[in-house]
Amino acid sequence: MQSADVTATFCATLVDEWFESGIRHAVVAPGSRSTPMALALVAHPGLAVQVFHDERSAAFAALGIAKVTGVPTLLLCTSGTATANFHPAVMEASHAEVPLVVLTADRPPELQGVGAPQTTDQQRLYGSSVRLFIDAGVPDDAERHEWRAVARRAHVAATQERPGPVQMNLPFREPLVGAVAEVPPRTDPSRDGASRTMTKNVGRMFAATAKTPLGTETLSKLSTRLSGRRGLIVAGARGGSSPKISSLARRLGWPVLADPLGGCRDDDELSVRHADGWLRDASLAERFTPEVVLRFGALPASKVINTWLRECGAEIVAVGMSPFLIDPDRRVSLHVVTDPDVLCDDLCNLVDAADAEWSRTWGAAEVRARDALAAAMEAGPKLSEPQVARTVADAIPRGSNLVVSSSMPIRDLEWYAGATSGVRVFANRGVNGIDGVVSTAVGIALGSHAPTTLLIGDVAFLHDSNGLLDLVNRGVDVRIVVVDNRGGGIFSFLPQRSTLHEGQFEQLFGTPHSVDIGGLAAAHGVSHRVVATEAELRGVLATPGPQVVIVRTDRTENVLEHERLNRAISDAVRADTPTGG
Ligand SMILES: Cc1ncc(C[n+]2csc(CCOP(=O)(O)OP(=O)(O)O)c2C)c(N)n1
Ligand SMILES: [Mg+2]
């Protein structure tokens, strides 16, 4: 067989195997060296292939698709600097445990280290950010019996008990366009050597952890730690499903601190949304101190809540599917690696509730906080940043997606939004980057075929305006709400704001700019509108995208508005809560 035909057949085999494993989406950035794999991807009738010009944007779109589908996305680029542009999304995928199969095309060995064009060392390019690195070698027909196993190794490593990105480096020799010959037959994965080792390892790890329900003895010990005690559930990202966690909370008589990313933010008064506002008050914080905390998934964004959890002295039990323990404060005393939904079911049958006063105290405080916040918002300036987050969460259709950028949008959603039941909420909180956020939202829309609203600051929007590239032709409903405070508003809440001179603060942190955000949207053919009132914002959010909605705010006023709202919340809770002091 001609070498180009071997290469084409090799690529077709890998793609067929990945399809067999359940993969349905591929994102491709254009280039020449990647031609054989690009052709194989578009030739497969079962794969949806998206092309993105900018590799950084491509990688975040792939991340978004994988986040919303839970299945690895194939991500392909050509050789050279293109590969490095995947790195931010690979990092995020690693920390947020999102499966990606990253395919970096490369020059063959004879062109390495001799100054060949567009050639650099791509071996283990992403370092510890990938679960596995494979150099597939130049396709060789003599190794065709191994091809499916190579594809499977990549898939298994991306979807193991701690999902994440995998890099497969693909050196291709010219000519790059060939004809696909017969692909090797599908085989039973358990009968090939490479994948048998992998499956066995993974199986063993699962056996010890997430896939196996906890034994009766462990469950009984755990339930003793929780039963009848004053406790609290923290429901974060990747923590388990809302009905299961809520049932357990009811059984225990405990409140749930409902981070929007945890999916438990519903109308129940023990689904606590506004504790950040009142836990800022030390005398109140003490009154609400739990004896034990059951934390599902990742940490909330709120520094107030995380500091309070660290210092309140409660015993902290962390629960999640991942064997990786998130515990920056070294406060977790027990890490339970299991399926949270199964654990909730099991515990429901074993635990007793805390005293009724405990849930009454929390429920009353939350109701007070909700009422006070609603009244304060009503009386406040129209379309403050908190008001934007609250309105967006309330106005978007149920069954749709909400993506929030890091910086203030995720915090405003966490602190001030109402219930988000029926909406899937996403954020890049693995490494909290403000890069790639527009593209992530586009990926979430592509992977879900559901309306997707993005709430994002101006700097994060400008950082990834390439996410708008060709958006109008992607057939997705993406509504982007840009909170334009002309710079990084979050820094106005930090000590830098008061310790530095105004000029220096603005130069290094405020970072104002003069970009015409509407004009930028227009350059991409995306419709855009500036809105100034809540009614206008609701009006535009009722219209399908793609569209960019701009809300202009002021960074200094924003700090004062946050202080006013938080004061309203803590005053209301204090008025209702005996603090003993
Ligand atoms: C890739 C990346 N670069 C820099 C930062 C540091 N950073 C955090 S927030 C922020 C400003 C964000 O501004 P904007 O998106 O307008 O949101 P705002 O703070 O105004 O709410 C910066 C630069 C980061 N998190 N990620
Ligand atoms: Mg900003």
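The values are calculated or read from the model by the stated rules, or taken from the named source; none is laboratory data. These numbers were taken from a predicted model, which means no experiment stands behind them. When we count neighbours, we look across all protein chains shown, and the Cβ atoms used for this are built from the backbone with ideal geometry, even at glycine. Areas reflect the complete protein model, heavy atoms only, side chains present, ligands, DNA and RNA absent. Shrake-Rupley method; radii C 1.70, N 1.55, O 1.52, S 1.80 Å.
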* To do: Compute the acute angle (0 to 90°) between the alpha-carbon long axis of helix 356-379 and the principal axis of greatest extent of the alpha-carbon atoms of the chain; round to the nearest 10°.
  => 90
* Per residue and in Å³, how big is the convex hull formed by the alpha-carbon atoms of region 82-145? -> 97
* Asked: Quick one: Cα centre-to-centre distance for region 232-292 and region 528-554, in angstrom?
  -> 31
* Which of the pairs Lys244/Lys382; Lys67/Lys244; Lys67/Lys303 have their Cα atoms more than 28 Å apart in this structure? -> Lys244/Lys382
* Asked: Counting only protein heavy atoms, what percent of the accessible surface of region 363-519 is carbon or sulfur at a 1.4 Å probe?
  -> 54
* Cα centre as origin, Lys/Arg/Asp/Glu Cβ charges: the chain dipole, Debye -> 720
* Binning at 10 Å from 0, report for region 445-509 what percent of all alpha-carbon pair distances ends up in each bin. => 19, 37, 23, 15, 7
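Considering only the other residues whose Cβ falls under 13 Å of the Cβ of His513, what net charge follows from Lys and Arg at +1 and Asp and Glu at -1?
Details: positive: Arg486, Arg555; negative: Asp458, Asp484, Glu506, Asp516.
So the surrounding residues net to -2.
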* Asked: With point charges of +1 on the Cβ of Lys and Arg and -1 on the Cβ of Asp and Glu, referenced to the Cα centre of the chain, which listed residue (Met168, Gly228, Gly70) lies farthest in the positive direction of the dipole?
  -> Gly228
* Structure fact -> Taking a ≥ b ≥ c as the square roots of the eigenvalues of the Cα gyration tensor, with a/c under 1.5 meaning rounded and otherwise prolate when a/b exceeds b/c and oblate if not, region 450-577 is oblate
* Would you mind getting the accessible area per residue of region 440-542, heavy atoms of the protein chains only, 1.4 Å probe, in Å²? => 41
* **Crossing angle, helix 216-226 versus the chain [Cα axis fit, 0-90 degrees, rounded to tens]** => 40
* **Proportion of all alpha-carbon pairs of the chain beyond 39 Å (%)** => 33
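Set the Förster distance to 35 Å, then compute FRET efficiency between Thr216 and Asp329 from the Cβ-Cβ distance, nearest 0.05.
Working: r = 32 Å, r/R0 = 0.90.
It comes to 0.65.
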* Just need log10 I(q)/I(0) for region 9-100 at q = 0.16, 0.17 Å⁻¹, Debye formula, equal scatterers on the alpha-carbon atoms, no solvent, rounded to two decimals. => -0.59, -0.67
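From the helices alone, meaning DSSP H stretches of at least four residues, give me the mean residue ellipticity at 222 nm for the chain, per-run term -39500 (n - 2.57), in deg cm²/dmol to the nearest 500. All intermediate terms of the calculation are to be shown ahead of the outcome.
On the way: 23 runs with 247 residues, N = 581.
When only DSSP H runs of four or more count, the value is -13000 deg cm²/dmol.
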* Asked: Any idea what angle helix 385-395 forms with the longest principal axis of the chain, computed on alpha-carbon atoms, 0 to 90 degrees, nearest 10?
  -> 70
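Determine the shape class of region 342-407: with a ≥ b ≥ c the square roots of the Cα gyration tensor eigenvalues, call it rounded for a/c under 1.5, and otherwise prolate if a/b is greater than b/c, oblate otherwise. Mind showing how you got there, number by number?
Values: a/c = 3.46, a/b = 1.55, b/c = 2.23.
Cα axes put region 342-407 in the oblate bin.
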* With a ≥ b ≥ c the root eigenvalues of the C-alpha gyration tensor of region 311-462, is it rounded (a/c under 1.5), prolate (a/b larger than b/c) or oblate? -> oblate
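Rg(Cα) of region 22-173 divided by 2.2 N^0.38 Å?
Working: Rg = 14.2 Å, N = 152, 2.2 N^0.38 = 14.8 Å.
Compactness ratio reported: 0.96.
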* To do: Work out Dmax and Rg for region 103-189 from the C-alpha atoms and quote the Rg first, both in angstrom.
  => 14.6, 43
* For region 17-99, accessible area per residue (1.4 Å probe, heavy atoms of protein chains only), Å² -> 28
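Carbon and sulfur: what percent of region 228-280's accessible surface (1.4 Å probe)?
Details: 690 of 1540 Å².
Heavy-atom surface of region 228-280 belonging to carbon and sulfur, 1.4 Å probe: 45 percent.
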* Over all distinct alpha-carbon pairs, what is the Kirkwood Rh of region 218-354 in angstrom? -> 14.6
* Asked: For region 88-186, which trypsin sites (Lys or Arg not before Pro) are in a loop by DSSP, counting at most 14 other Cβ atoms within 10 Å?
  -> Arg124, Arg186
* Label point at Ser283 placed 7 Å out along Cα→Cβ; residues across region 351-375 whose backbone nitrogen lies under 19 Å -> 361-362, 365-366, 368-369
* To do: Figure the gain on full extension for Glu174 and Ala532 (residue separation times 0.36 nm, minus the Cα-Cα span) and round it to one decimal in nm.
  => 123.2 nm
